[in-house]
Each structure stands twice: as structure tokens, then as C-alpha cells.
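For reference, the structure discussed in these notes is given below.
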Amino acid sequence: NGIKFQGETDSKFALNDYEEGTWTPVWAGLTTAGTVNYGQNMARYTKIGNMVHCNGYSQISSASSSAGHWGLSNLPFTNTGLGTTSPYETGSCMLNNFDFPAAMDDASAWVVTYKPASTSSMYLYYSIDAGAWAPLQAGHDTTWDIIWSLSYKVG
């Protein structure tokens, strides 16, 4: 029947959807996937109602022939049917040993996880001081680690 909060009598408002799980992220270049090898690679999620909270750790030990921007292609749920109510989501990440592109050199920059609408994919984007955001390009660096998180709404 789910959990009903104090004073709530209508079962349609009960919290009756909870799920936890793990999966293996798949990192690749968006234009050309290439071959990515991992030292460690793991992720987990918690779904409560229509919100999914994910986090993971990937140690990219080698990557070859990847082109386009870096993306993770297999999030556990797709946020379809939401229209403009939740078109984009961002999260946080921390990169280790990543060689940033020249556009980020000597600039205050930060990287975020970015999830567009109606996909089960997540991408890495960066922003620089007084500049536009842009995708973090694959093929520029082939050995790096990432700890990431993302929360998003599903339909």
C-alpha cells in the first residue's frame, strides 16, 4: 500500500515506489565511441517515486579512438514524457589526472555532469569564467578517474 504521510488518506499520494541497484557505467565518445578500458568501474542508484539519485566511480585505464564529447550511455532510467517540466539535469563530479583542453588552461573552470531530456545518457560539460559551457572532449585524455553524482526526474 505504500507509506502515507500524516493526515493523508488518499492512497494515490502514498509513497509506493522505492528501488536500489547497481550497474556498470559505459563511458565513450559521443561521435566515435572508441575503446575504453577500466581499472575500476561501478555505479549505484536509488529511485524514490519519480526521482533517481545516481553516483559512481570510474577509473579509465586507457581509451583509444574516442571522439566527440565524453558521455556515459547507460543510466538506469530514461527521463521520458516530462516535456518542459524537467528538460535538463546537472550534477557534480570530481576528476583526477585529467588533462584539460587548452580552452580551460589558466582559467577558472569547473566540470559538471549533464543529462539532457529523454535520454539514458549523461555527459561531461565544463564552464569557464566569463565564458559559455562546452562539452568535455573525448580523445584529449586517455587515462583519468571520475567520481560523479546526478539526480534526475523520470516520467
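Quick notes
- The listed residue being closer than 14 Å to S121 by Cα, in contact with a Lys or Arg (Cβ under 8 Å, 6 or more places away or on another chain) and either without any contact (Cβ under 8 Å) to a residue 12 or more places away in the chain or of a type in the set (V, I, T) (or both), out of V26, V52: V52
- The range 107-130: number of residues that are in contact with a helix residue (DSSP H, G or I) (Cβ under 8 Å, 6 or more places away or on another chain) and over 17 Å from L72 (Cβ atoms): 1
- Those strands (runs of 3 or more DSSP E) lying entirely in the range 84-155 with at least 1 residues at pLDDT 85 or above and within 20 Å of G49 (Cβ to Cβ): 88-96, 109-116, 144-153
The values are calculated or read from the model by the stated rules, or taken from the named source; none is laboratory data. Note that the structure is a prediction, hence the values are computed from the model and not measured. Virtual Cβ from ideal backbone geometry, glycine too; neighbours counted across all protein chains shown.
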